[in-house]
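Just below is one structure, and these are the notes that go with it.
The values are calculated or read from the model by the stated rules, or taken from the named source; none is laboratory data. Bear in mind that the values here come from a model prediction, so they are computed numbers and not experimental data. Glycine also receives a Cβ, built like all others from the backbone with ideal geometry; neighbour counts cover every protein chain displayed.
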Amino acid sequence: MGGKYQLLTEEEAAQFVERGFVRVEGCFGRDVAGWATEEMWSRLGYDADDPSTWVDKRIHMPTLKRFEVKSFAPEAWHAVCDLVGGEERIREPYMWGDGFIVNLGVRADEPWAPPTAASPGWHADGDFFLHFLDSPEQGLLTLVLWTDVVHQGGATFVACDSVGPVARYLADHPEGVRPNGFDVPSLVPECHDFIEATGSAGDVFLLHPFVLHATAQNTLRRPRVITNPPVSLKEPMRFDRAEWEDHSLVEQATLHHLGMERCPFTPSAPRERIVPERLRRQAQYATPSGMAPGGPA
(Lines give C-alpha, C1' and ligand atoms only; values in the text may rest on other atoms or scores of the structure.)
Protein backbone atom coordinates (compact mmCIF):
# COMPACT_ATOMS: atom_id res chain seq x y z
CA MET A 1 0.00 0.00 0.00
CA GLY A 2 3.02 2.23 0.36
CA GLY A 3 1.74 3.72 3.61
CA LYS A 4 2.25 3.17 7.30
CA TYR A 5 0.62 -0.27 7.26
CA GLN A 6 1.00 -3.36 5.07
CA LEU A 7 -2.71 -3.63 4.35
CA LEU A 8 -4.87 -1.45 6.56
CA THR A 9 -5.75 2.11 5.64
CA GLU A 10 -5.40 4.92 8.16
CA GLU A 11 -9.20 4.96 8.39
CA GLU A 12 -9.34 1.24 9.20
CA ALA A 13 -6.61 1.63 11.81
CA ALA A 14 -8.52 4.50 13.42
CA GLN A 15 -11.73 2.45 13.37
CA PHE A 16 -9.97 -0.40 15.16
CA VAL A 17 -8.66 1.90 17.89
CA GLU A 18 -12.08 3.47 18.37
CA ARG A 19 -14.45 0.54 17.75
CA GLY A 20 -12.31 -2.55 18.30
CA PHE A 21 -12.67 -4.27 14.92
CA VAL A 22 -11.92 -4.26 11.22
CA ARG A 23 -13.27 -6.50 8.46
CA VAL A 24 -10.90 -7.73 5.76
CA GLU A 25 -12.88 -8.83 2.72
CA GLY A 26 -12.11 -11.72 0.38
CA CYS A 27 -9.20 -13.30 2.22
CA PHE A 28 -9.87 -16.56 0.35
CA GLY A 29 -12.24 -17.67 -2.38
CA ARG A 30 -15.53 -19.56 -2.27
CA ASP A 31 -13.87 -22.56 -3.87
CA VAL A 32 -11.38 -22.67 -1.00
CA ALA A 33 -14.18 -22.33 1.55
CA GLY A 34 -15.99 -25.20 -0.15
CA TRP A 35 -12.89 -27.38 -0.09
CA ALA A 36 -12.26 -26.63 3.59
CA THR A 37 -15.83 -27.45 4.65
CA GLU A 38 -16.49 -30.43 2.35
CA GLU A 39 -16.15 -33.03 5.13
CA MET A 40 -18.10 -31.05 7.72
CA TRP A 41 -21.44 -32.80 7.27
CA SER A 42 -19.99 -36.30 7.41
CA ARG A 43 -18.09 -35.39 10.57
CA LEU A 44 -21.32 -34.10 12.11
CA GLY A 45 -23.30 -37.12 10.97
CA TYR A 46 -26.00 -34.80 9.57
CA ASP A 47 -27.61 -34.62 6.14
CA ALA A 48 -26.95 -31.19 4.66
CA ASP A 49 -30.25 -31.35 2.77
CA ASP A 50 -32.40 -32.59 5.67
CA PRO A 51 -32.72 -30.11 8.55
CA SER A 52 -34.60 -32.74 10.57
CA THR A 53 -31.21 -34.42 11.13
CA TRP A 54 -29.69 -31.27 12.63
CA VAL A 55 -30.05 -32.28 16.25
CA ASP A 56 -27.66 -29.79 17.83
CA LYS A 57 -28.21 -26.20 16.79
CA ARG A 58 -24.71 -24.99 17.71
CA ILE A 59 -21.62 -27.17 17.46
CA HIS A 60 -17.98 -26.26 18.14
CA MET A 61 -16.04 -28.89 16.20
CA PRO A 62 -12.43 -29.96 16.89
CA THR A 63 -9.67 -29.11 14.44
CA LEU A 64 -8.39 -31.86 12.13
CA LYS A 65 -6.89 -29.86 9.23
CA ARG A 66 -4.73 -26.76 9.71
CA PHE A 67 -3.64 -24.01 7.32
CA GLU A 68 -0.80 -21.55 7.87
CA VAL A 69 -2.38 -18.12 7.50
CA LYS A 70 0.73 -16.50 6.04
CA SER A 71 0.35 -18.52 2.84
CA PHE A 72 -3.35 -19.49 3.02
CA ALA A 73 -4.72 -15.95 3.45
CA PRO A 74 -1.92 -13.36 2.97
CA GLU A 75 -4.23 -10.34 3.26
CA ALA A 76 -5.50 -11.51 6.64
CA TRP A 77 -1.90 -12.14 7.72
CA HIS A 78 -0.80 -8.63 6.73
CA ALA A 79 -3.76 -7.10 8.58
CA VAL A 80 -2.93 -9.13 11.69
CA CYS A 81 0.67 -7.89 11.52
CA ASP A 82 -0.59 -4.31 11.22
CA LEU A 83 -2.74 -4.66 14.33
CA VAL A 84 -0.30 -6.39 16.69
CA GLY A 85 2.77 -4.35 15.83
CA GLY A 86 4.55 -6.48 13.26
CA GLU A 87 5.34 -10.07 12.34
CA GLU A 88 8.14 -10.19 14.90
CA ARG A 89 5.61 -10.00 17.76
CA ILE A 90 3.51 -12.97 16.61
CA ARG A 91 4.02 -16.49 17.92
CA GLU A 92 4.32 -18.56 14.77
CA PRO A 93 3.14 -20.51 12.99
CA TYR A 94 -0.23 -18.76 13.08
CA MET A 95 -2.72 -21.36 11.94
CA TRP A 96 -6.37 -21.59 11.03
CA GLY A 97 -8.19 -24.89 10.82
CA ASP A 98 -11.46 -26.75 10.41
CA GLY A 99 -12.55 -26.47 14.03
CA PHE A 100 -15.79 -25.03 12.74
CA ILE A 101 -18.37 -23.28 14.91
CA VAL A 102 -21.63 -24.22 13.23
CA ASN A 103 -24.92 -22.41 13.85
CA LEU A 104 -27.83 -24.41 12.42
CA GLY A 105 -30.70 -22.49 13.96
CA VAL A 106 -29.93 -21.10 17.40
CA ARG A 107 -33.18 -19.72 18.90
CA ALA A 108 -34.80 -19.95 15.47
CA ASP A 109 -38.28 -20.15 16.98
CA GLU A 110 -37.95 -16.84 18.83
CA PRO A 111 -38.84 -13.48 17.22
CA TRP A 112 -35.76 -11.77 15.80
CA ALA A 113 -34.15 -9.26 18.16
CA PRO A 114 -31.21 -7.02 17.16
CA PRO A 115 -28.12 -6.93 19.39
CA THR A 116 -28.46 -4.99 22.62
CA ALA A 117 -27.02 -5.23 26.11
CA ALA A 118 -30.00 -7.45 26.94
CA SER A 119 -29.12 -10.07 24.28
CA PRO A 120 -28.22 -13.44 25.83
CA GLY A 121 -24.82 -15.05 25.73
CA TRP A 122 -22.37 -12.14 25.97
CA HIS A 123 -18.92 -13.44 26.87
CA ALA A 124 -15.17 -12.89 26.61
CA ASP A 125 -13.16 -15.46 24.66
CA GLY A 126 -10.17 -17.32 26.02
CA ASP A 127 -11.14 -20.42 27.97
CA PHE A 128 -7.56 -21.72 28.00
CA PHE A 129 -5.65 -19.21 30.16
CA LEU A 130 -5.81 -16.91 33.17
CA HIS A 131 -6.56 -13.42 31.86
CA PHE A 132 -4.44 -10.34 32.57
CA LEU A 133 -4.45 -6.90 31.01
CA ASP A 134 -1.29 -7.80 29.06
CA SER A 135 -2.00 -11.47 28.26
CA PRO A 136 -0.06 -12.71 25.20
CA GLU A 137 -2.13 -15.86 24.74
CA GLN A 138 -4.86 -13.90 22.97
CA GLY A 139 -3.36 -10.84 21.31
CA LEU A 140 -6.16 -10.60 18.77
CA LEU A 141 -9.50 -12.30 18.11
CA THR A 142 -10.67 -13.42 14.68
CA LEU A 143 -13.95 -14.39 13.07
CA VAL A 144 -13.20 -16.32 9.87
CA LEU A 145 -16.32 -16.70 7.70
CA TRP A 146 -16.40 -20.04 5.86
CA THR A 147 -19.95 -19.48 4.57
CA ASP A 148 -21.91 -16.36 3.75
CA VAL A 149 -23.23 -14.91 7.01
CA VAL A 150 -26.35 -12.85 6.45
CA HIS A 151 -28.72 -10.72 8.51
CA GLN A 152 -30.70 -12.93 10.91
CA GLY A 153 -28.58 -15.89 9.81
CA GLY A 154 -26.55 -16.48 12.97
CA ALA A 155 -23.91 -13.75 12.63
CA THR A 156 -21.90 -13.06 15.76
CA PHE A 157 -23.11 -10.08 17.80
CA VAL A 158 -20.21 -7.77 18.71
CA ALA A 159 -20.15 -5.15 21.47
CA CYS A 160 -17.72 -2.75 19.79
CA ASP A 161 -17.29 -0.46 22.80
CA SER A 162 -16.61 -3.24 25.31
CA VAL A 163 -12.83 -2.74 25.13
CA GLY A 164 -12.96 -0.01 27.79
CA PRO A 165 -15.11 -1.86 30.37
CA VAL A 166 -13.09 -5.07 30.00
CA ALA A 167 -9.73 -3.25 30.08
CA ARG A 168 -10.72 -1.44 33.29
CA TYR A 169 -11.91 -4.71 34.82
CA LEU A 170 -8.60 -6.42 34.03
CA ALA A 171 -6.58 -3.43 35.26
CA ASP A 172 -8.49 -3.67 38.56
CA HIS A 173 -7.66 -7.39 38.85
CA PRO A 174 -3.87 -7.78 38.53
CA GLU A 175 -4.25 -11.20 40.19
CA GLY A 176 -5.89 -12.38 36.97
CA VAL A 177 -9.40 -13.32 35.90
CA ARG A 178 -10.41 -16.90 35.17
CA PRO A 179 -12.28 -17.53 31.90
CA ASN A 180 -15.64 -17.66 33.66
CA GLY A 181 -14.72 -14.91 36.08
CA PHE A 182 -15.62 -11.82 34.06
CA ASP A 183 -18.54 -9.92 35.56
CA VAL A 184 -20.25 -9.73 32.18
CA PRO A 185 -23.69 -8.69 33.56
CA SER A 186 -22.13 -5.49 34.86
CA LEU A 187 -19.83 -4.91 31.87
CA VAL A 188 -22.29 -5.22 28.96
CA PRO A 189 -24.67 -2.49 30.19
CA GLU A 190 -21.77 -0.04 29.74
CA CYS A 191 -21.86 -0.79 26.00
CA HIS A 192 -24.01 0.95 23.37
CA ASP A 193 -22.28 0.21 20.04
CA PHE A 194 -23.43 -3.18 18.76
CA ILE A 195 -23.08 -4.80 15.34
CA GLU A 196 -24.15 -8.02 13.64
CA ALA A 197 -20.94 -9.38 12.02
CA THR A 198 -22.30 -10.27 8.58
CA GLY A 199 -20.21 -10.88 5.49
CA SER A 200 -19.30 -13.20 2.66
CA ALA A 201 -17.41 -16.48 2.72
CA GLY A 202 -13.74 -15.54 2.81
CA ASP A 203 -14.19 -12.39 4.89
CA VAL A 204 -12.36 -12.10 8.22
CA PHE A 205 -13.22 -9.91 11.19
CA LEU A 206 -10.25 -8.97 13.37
CA LEU A 207 -11.27 -7.98 16.88
CA HIS A 208 -9.53 -6.49 19.88
CA PRO A 209 -8.98 -9.30 22.43
CA PHE A 210 -11.23 -7.56 24.98
CA VAL A 211 -14.28 -7.37 22.73
CA LEU A 212 -17.37 -9.07 24.18
CA HIS A 213 -19.51 -10.96 21.71
CA ALA A 214 -22.42 -13.40 21.58
CA THR A 215 -23.96 -16.07 19.38
CA ALA A 216 -26.81 -14.53 17.40
CA GLN A 217 -30.13 -16.11 16.51
CA ASN A 218 -30.30 -17.96 13.23
CA THR A 219 -33.96 -17.49 12.39
CA LEU A 220 -33.27 -18.44 8.76
CA ARG A 221 -32.02 -21.90 9.78
CA ARG A 222 -29.30 -21.40 7.20
CA PRO A 223 -26.00 -23.16 8.05
CA ARG A 224 -23.51 -20.58 9.31
CA VAL A 225 -19.91 -21.73 9.61
CA ILE A 226 -17.10 -19.71 11.20
CA THR A 227 -13.93 -20.24 13.19
CA ASN A 228 -12.40 -17.93 15.78
CA PRO A 229 -8.69 -18.76 16.21
CA PRO A 230 -6.87 -16.21 18.38
CA VAL A 231 -3.50 -14.69 17.52
CA SER A 232 -0.89 -15.45 20.18
CA LEU A 233 2.02 -13.13 20.89
CA LYS A 234 5.61 -14.01 21.76
CA GLU A 235 5.63 -11.63 24.71
CA PRO A 236 3.01 -9.94 26.91
CA MET A 237 1.60 -6.69 25.63
CA ARG A 238 3.12 -3.47 26.94
CA PHE A 239 1.39 -0.22 27.68
CA ASP A 240 4.44 1.83 28.69
CA ARG A 241 6.61 1.83 25.57
CA ALA A 242 9.00 4.75 25.16
CA GLU A 243 7.18 6.18 22.14
CA TRP A 244 3.43 6.10 21.47
CA GLU A 245 4.06 4.83 17.94
CA ASP A 246 5.89 1.81 19.33
CA HIS A 247 2.62 0.57 20.79
CA SER A 248 0.66 -1.80 18.56
CA LEU A 249 -2.82 -0.75 17.47
CA VAL A 250 -4.20 -3.25 20.02
CA GLU A 251 -2.15 -1.57 22.76
CA GLN A 252 -3.13 1.90 21.53
CA ALA A 253 -6.80 0.92 21.59
CA THR A 254 -6.45 -0.37 25.14
CA LEU A 255 -4.79 2.83 26.33
CA HIS A 256 -7.31 4.95 24.42
CA HIS A 257 -10.23 3.29 26.16
CA LEU A 258 -8.48 3.45 29.53
CA GLY A 259 -8.03 7.19 28.95
CA MET A 260 -4.28 6.91 29.52
CA GLU A 261 -1.12 7.56 27.52
CA ARG A 262 0.91 5.00 29.47
CA CYS A 263 -0.10 2.26 31.87
CA PRO A 264 2.69 0.18 33.42
CA PHE A 265 1.24 -3.21 34.33
CA THR A 266 2.66 -6.19 36.21
CA PRO A 267 0.56 -9.27 37.05
CA SER A 268 0.42 -10.06 40.77
CA ALA A 269 -0.02 -13.80 40.15
CA PRO A 270 1.65 -16.37 37.87
CA ARG A 271 0.34 -16.84 34.36
CA GLU A 272 -1.63 -20.05 34.04
CA ARG A 273 -2.79 -22.30 31.22
CA ILE A 274 -6.21 -23.96 31.61
CA VAL A 275 -7.58 -27.10 29.93
CA PRO A 276 -11.02 -26.11 28.61
CA GLU A 277 -14.11 -28.29 28.93
CA ARG A 278 -14.86 -27.83 25.21
CA LEU A 279 -11.99 -30.15 24.27
CA ARG A 280 -13.80 -33.06 25.93
CA ARG A 281 -17.10 -32.16 24.28
CA GLN A 282 -15.49 -31.92 20.84
CA ALA A 283 -14.30 -35.53 20.83
CA GLN A 284 -17.61 -36.75 19.36
CA TYR A 285 -16.93 -34.79 16.15
CA ALA A 286 -13.29 -35.78 15.81
CA THR A 287 -13.78 -38.27 12.96
CA PRO A 288 -16.19 -38.62 10.00
CA SER A 289 -19.78 -39.70 10.58
CA GLY A 290 -19.82 -38.27 14.08
CA MET A 291 -17.67 -41.11 15.44
CA ALA A 292 -15.30 -40.37 18.25
CA PRO A 293 -12.12 -42.41 18.59
CA GLY A 294 -13.04 -45.71 20.23
CA GLY A 295 -16.73 -45.85 19.38
CA PRO A 296 -20.00 -43.98 18.84
CA ALA A 297 -20.41 -40.51 20.31
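Yes or no, residue by residue, for (1) over 24 Å from Q6 (Cβ atoms); (2) surrounded by 13 or more Cβ atoms within 10 Å (Cβ to Cβ); (3) at pLDDT 95 or above; (4) not hydrophobic (A, V, I, L, M, F, W, C):
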site	(1), (2), (3), (4)
K57	yes, yes, yes, yes
P62	yes, yes, no, yes
R89	no, yes, yes, yes
I101	yes, yes, yes, no
Self-check item: Where a residue in segment 41-67 is over 23 Å from Q217 (Cβ atoms) and its partner, wherever it lies, is buried (at least 16 other Cβ atoms within 10 Å of the Cβ) and among the basic types (K, R), with Cβ under 8 Å and at least six apart
Solution: L64/R43
Self-check item: Residue match in segment 77-99 (condition: hydroxyl-bearing (S, T, Y) and over 18 Å from V144 (Cβ atoms))
Solution: no
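One line per residue, one yes/no per condition, for (1) among the hydroxyl-bearing types (S, T, Y); (2) closer than 20 Å to L187 by Cβ; (3) surrounded by fewer than 13 Cβ atoms within 10 Å (Cβ to Cβ):
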{"site": "E235", "(1), (2), (3)": "no, no, yes"}
{"site": "S248", "(1), (2), (3)": "yes, no, no"}
{"site": "E251", "(1), (2), (3)": "no, no, no"}
{"site": "A269", "(1), (2), (3)": "no, no, yes"}
Exercise. Tell me, yes or no, whether segment 67-78 has at least one residue that is of a type outside the set (S, T, N, Q), loosely packed, with under 14 Cβ neighbours inside 10 Å and modelled with pLDDT of 95 or more.
Key: yes
Practice problem: Check L143, L170 and return the single one that is in contact with a Leu (Cβ under 8 Å, 6 or more places away or on another chain) and either within 24 Å of H78 (Cβ to Cβ) or small (G, A, S) (or both). | Solution: L143
Quiz item: Which one is surrounded by the fewest Cβ atoms within 10 Å (Cβ to Cβ), of the residues in segment 1-51 that are outside any helix (DSSP H, G or I) and of a type in the set (F, W, Y)?
Solution: Y5
Practice problem: State all residues of segment 142-163 that are at negative phi and either polar (S, T, N, Q) or assigned to a strand (DSSP E or B) (or both); if no residue qualifies, say none. | Solution: T142, L143, V144, L145, T147, V149, G153, T156, F157, V158, A159, S162
Quiz item: Do we have any residue at all in segment 263-284 that's farther than 20 Å from L83 by Cα and hydroxyl-bearing (S, T, Y)?
Solution: yes
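Here is a yes/no grid of residues against (1) out of contact with any helix residue (DSSP H, G or I) (no Cβ under 8 Å at 6 or more places or on another chain); (2) closer than 20 Å to H131 by Cα; (3) polar (S, T, N, Q); (4) at pLDDT 95 or above:
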site: D193; (1), (2), (3), (4): no, no, no, yes
site: P209; (1), (2), (3), (4): no, yes, no, yes
site: S232; (1), (2), (3), (4): yes, yes, yes, yes
site: F265; (1), (2), (3), (4): no, yes, no, yes
site: A283; (1), (2), (3), (4): yes, no, no, no
site: T287; (1), (2), (3), (4): no, no, yes, no
Exercise. Please name all residue pairs, on different chains or six or more residues apart, with Cβ atoms under 9 Å, provided the first residue is in segment 158-172 and is under 13 Å from G259 (Cβ atoms) and the second residue is among the aromatic types (F, W, Y).
Key: V163/F210; G164/F210; P165/F210; A167/F210; A171/F265
Quiz item: Which numbered condition trips up A216, out of (1) hydrophobic (A, V, I, L, M, F, W, C); (2) surrounded by fewer than 20 Cβ atoms within 10 Å (Cβ to Cβ); (3) out of contact with any Leu (no Cβ under 9 Å at 6 or more places or on another chain)?
Solution: (2)
Quiz item: Has segment 210-218 got at least one residue that is under 17 Å from the mean Cα position of the chain (by Cα) and among the aromatic types (F, W, Y)?
Solution: yes
